[in-house]
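To keep things clear, I will list the structure first and then write my remarks on it.
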Amino acid sequence: MKRFPVGCLILLMLVLLSSGCKKYRGATPSLSSKIYGTQIVEVSGGKQVAGVGAKLADPIVVQVNGTDGNAISGALVLFHGDGLALTPNEALTDSSGQVSVSVQLGGIAGGYEVAAETPKQGGGTTSISIREVALGYREKVGKEVSYKYCGNCHDPESTPERVSNLDNLTTPLPHPFTDGNTLNAMSDADLIKIITDGGPALQKSPQTPAYRNTLTQTQIKAIVEYIRAVADPPYQAPGGKR
Amino acid sequence: MDNLEGTPQLNLGRKLLARFGCAHCHAITQPDGTLVAPVDEPPSLEHVAEKTTREWIFAWIKNPQAYAASATMPNYRFSDQEAADITSYLVAQSTPSENSSHPLPASFALPQGGDPVQAGASLYGTLFCASCHAIQNAAGNLVGGEMAPELTRAGNKVNPDWLRRWLRAPQGYDPKTRMPRYRFDEKDVALLSSFLLSKKDEDLLANVHLPESNPQSIARGKKLVSDYGCVACHRINGVAPPESFAPDLSRIGSKPLFQVGFLHGMPETLPDYIAGKIHDPRAFGPALKMPTFSLTDSQIEALTTALLAQTDRAVTMPPELVRSSPHAKYHPGGEPGRLMEDLRCQSCHAINGNGGDMAPDLTNEGSAVNRAWLLDFMKNPNTLRPALVRRMPKFNLSDAEIKSLSDYMLSAYQASGFDSQALDLSTLTSEAAARGKELFYTNYACQSCHIADYKKDKGYVGPALAGVGDRLTPIWTYRWLKNPTAILPGTSMPDYSLPDDEARDLTAFLATLKEHKKGGAK
């Protein structure tokens, strides 16, 4: 443990008290800057999905803005995330007021939060939290199966390999698997039932076929695991634990 | 090896082992006892001087990805001198191809006022060259298939006379090419070559100034070609393919850690070693020959998974525990067979277990389709899947060729159990069709994925069914509806396990879907 002189400690406590008990979440920064912004925003890189332990395809990019909303260059940004490897974990914003950080996910499946914070003039920090998702083995299998059997209609994005069919369907339209607002309210049992026996089994559209004879129960459960993993807002299982 | 259920990462890794040609240099025996077979097709270089220039060969060797971002060939980081020496040898060893003795296609007087490049570009589009070849668009995205070489800068590479002969008869330059022999006329050849020669980047070869070749340079080049194992991938005159050029990787997943030379500072695990070795092989020793391939992190991860699965245990498993796939070498026989080879049908279609997977398997095509439809389709292949960019090209076949191919397919590619025993055709009444229509639109919402009527249906996940009554035999349709997976394992059509009467009614409805073409099929 480092030992601070008593004076410093008191000063630090005062600063903490005056800033609503907020302190840097990561280690004490080694960089410093006298340039401060008032707000930090995400530019890109949130809500990515990758396998456990994988490096995300795109970096997270955040921007520090001043009171007038203009980007501030040279401001200090600190990154912190439990279980994540963030490179770099602190940096000064570049000439366009942005910082880019590459993210390697941890070894446990589930959601990860990256906190990006920047100190404010006069003490305290402002921060944002960016969510990323790590898929474990079952969720990866679910992703694979749903890409082939579900994605045509449930994924609104088209790729060169697969054009989304969603716009060609009649209402009620399918919910993208990331649509946590709707899908989080459905129980695992209902999701399994609708995949197994088709939409009509829950008085829903026959546009969802019954996959009883096409997919195994393991595959169907894996799809549900995948839906839960990518839900936005995140899925909270009943009782708080899955 | 077949795809294994529930192991996406392993399946991808195994595909990549074949796709990136790892097995050209490394022997990799799979658990079923077969070797990984490369699926990339490094071109023969036996006649390379006919195809391209010394400058292009040099620039390519120096940095293949500068010519085509999608190139599989890795950058060997050769010095200018080494690249020039290899170029000297490749040009010196080149012999005339069979094509070079053919007269050039007669030159075609392009119509006045038109833009041949523009006209060639639209011909390139209507011929569906993009099913196999990709070209970078203005936004820098690759558009097209990856079966054949990227053509973004083809104009920097190919000799115009070579290109015209190639378009006429690709097999006369490379007998093993996957490119079909299209029946192009002089005008097609002129327009396509105008377009392809216009695809160039003026800067690519601007700074390449090679000294005259000399015997010393040629000799040094030959040694480099031999030392770096170029012939493990390419056919080159005067250098024999090496045997076991690189270490056997069949049991790499069981390599004892004490035998592994880790780099200083890297985590000392086998996965880290394998991934590190793929990521930057020469970091493990400057004398190592393996080059760095253009792979993404996730591709490296998948390759590592596939290699870790190559363990002592996996390759010594009793055969009854290993699912192996038949390694068929089927090729059609007789005169129609020669025609199908000429058209390279099996570049895209699998037949009896041999062939590509871009287009439908034709093993049972004779049981599936009606003769009139097949004749019409081969004359003018229209698409059954509106959303698909990749389509069957038009070969400009003669009527006699079409008849020969159709007769052959309808008799040779038959499945068992598709006779009148399976379905009594007299039950396909108009009442049954009316019930089938109701089932189609209401009970099963088939229009979500299929188009039965272009005026109101929009689903394009599965093939369009408008005209399916012309295309498919009712017995095939019935058996497909009963159990699609039994006919085509892995199809994305769900198996509804329809009761016999519903399958019959749907079949009756689908049989009524006919497109009334002007003139009809010839």
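None of the figures in this text is laboratory data; all of them are computed from the coordinates on show. What you see is a predicted model; the values in this text were computed from it and never measured. Methodologically, a virtual Cβ is constructed for each residue, glycine included, from the backbone with ideal geometry; neighbour enumeration extends over all protein chains shown.
One equal scatterer on each Cα of the stretch B:425-511, no solvent, Debye formula: the resulting log10 I(q)/I(0) at q = 0.15, 0.26 Å⁻¹ is -0.50, -1.59. Couplings for the stretch A:133-140, taken from phi via the Karplus curve 6.51 cos²θ - 1.76 cosθ + 1.60 with θ = phi - 60°, read 10, 9, 8, x, 4, 5, 5, 5 Hz in order; Gly and Pro are left as x.
Annotation: amide H of B:THR52 within the under-5 Å range of B:ASN159, sequence separation 5 or more or interchain, hydrogens built in the peptide plane.
Sorted ascending by nearby beta carbons within 10 Å, beginning with the fewest, B:PHE509, B:PHE128 become B:PHE128, B:PHE509. Fewest neighbouring Cβ atoms within 10 Å first, the residues A:VAL103, B:VAL239 line up as B:VAL239, A:VAL103.
Compared with the dominant Cα axis of chain B, that is its longest principal axis, helix B:80-93 is turned about 60°. Does chain B classify as rounded, prolate or oblate by the C-alpha gyration tensor (a ≥ b ≥ c root eigenvalues; a/c under 1.5 gives rounded; else a/b over b/c gives prolate, otherwise oblate)? It is oblate, given that a/c is not under 1.5 and a/b is not larger than b/c.
Rounded to the nearest 0.05, what FRET efficiency is calculated for B:ASP453 and B:LEU104 with R0 set to 45 Å and r the Cβ-Cβ distance? That pair, B:ASP453 with B:LEU104, gives E of 0.35. Between the stretch B:456-493 and the stretch B:264-278, the alpha-carbon centres lie 49 Å apart. Phi-derived couplings, Karplus 6.51 cos²θ - 1.76 cosθ + 1.60 at θ = phi - 60°, listed residue by residue for the stretch B:294-306: 7, 10, 7, 4, 6, 5, 4, 4, 5, 4, 4, 4, 5 Hz, with x used for Gly and Pro. What separates the Cα centres of the stretch B:350-400 and the stretch B:73-119 is a distance of 32 Å.
For the stretch A:53-89 versus the stretch B:176-254, the spacing of their alpha-carbon centroids is 45 Å. The C-alpha atoms of chain A define a longest principal axis, and helix A:6-18 lies at about 50 degrees to it. Set against the 2.2 N^0.38 Å expectation for a compact globular protein, the stretch B:334-412 has a Cα radius of gyration ratio of 1.04. For B:PHE78, the amide hydrogen comes within under 5 Å of no other amide hydrogen, counting only partners 5 or more places away or on other chains and with H modelled in the peptide plane. Rg/Rh for the stretch A:90-137 stands at 1.08; both radii use Cα atoms, and Rh follows the Kirkwood definition. Within the protein assembly as shown, antiparallel bridges make up roughly 90 percent of the DSSP beta bridges whose residues both belong there.
Inter-label distance, A:GLN203 to B:THR296: 4.4 nm, where each label sits 7 Å from its Cα along the C-beta direction. In this structure the amide hydrogen of A:GLY51, modeled in the peptide plane, comes within under 5 Å of the amide hydrogens of A:LEU135, none closer than 5 places in sequence on its chain.
Its relative contact order, with pairs defined as Cα atoms under 8 Å and 6+ residues apart, puts the stretch B:48-198 at 29 percent.
Translational D (Stokes-Einstein, µm²/s) of the protein assembly as shown at 37 °C and 0.692 mPa s when Rh comes from the Kirkwood sum over C-alpha pairs? My calculation gives 107 µm²/s for D. Helix A:188-197 versus the longest principal axis of chain A: what is the Cα-based angle in degrees, 0 to 90, to the nearest 10? Relative to chain A, helix A:188-197 is tipped by roughly 40 degrees.
For the stretch A:23-135, the dipole from Cβ point charges (+1 on Lys and Arg, -1 on Asp and Glu) about the Cα centre works out to 180 debye, to the nearest 20. Of all aspartates and glutamates in the structure, the ones whose alpha carbon falls short of 20 Å from that of A:LYS148, not counting any fewer than 8 places away in one chain, are A:GLU139, A:GLU157, A:GLU161, A:ASP167, A:ASP179, A:ASP197, A:GLU225, B:ASP2, B:GLU5, B:ASP357, B:ASP361, B:ASP495. Quick one: which of B:LYS62/B:LYS223; B:LYS394/B:LYS455; A:LYS47/A:LYS204 span more than 22 angstrom between C-alpha atoms? Flagged as over cut-off: B:LYS394/B:LYS455; A:LYS47/A:LYS204. In terms of overall dimensions, the C-alpha atoms belonging to the stretch A:23-135 reach 40, 25, 17 Å along their principal axes, ordered largest to smallest. Among the aspartates and glutamates, which fall within straight-line cross-link reach of B:LYS176, defined as a Cα-Cα distance under 14 Å, with same-chain neighbours fewer than 8 residues apart omitted? Of all the aspartates and glutamates, those that pass the test against B:LYS176 - Cα under 14 Å, at least 8 places apart if same chain - are B:ASP40, B:GLU41, B:GLU46, B:GLU98, B:GLU341, B:ASP342.
Listed values for the stretch B:99-109 are Karplus-derived 3J(HN,Hα) couplings in whole Hz (6.51 cos²θ - 1.76 cosθ + 1.60, θ = phi - 60°), namely 4, 5, 7, 7, x, 5, x, 3, 6, 10, 6, and x replaces Gly and Pro. When the pairs B:LYS222/B:LYS329; A:LYS143/B:LYS456; B:LYS51/B:LYS187 are compared against a 26 Å limit on Cα-Cα distance, B:LYS222/B:LYS329; A:LYS143/B:LYS456 fall above it.
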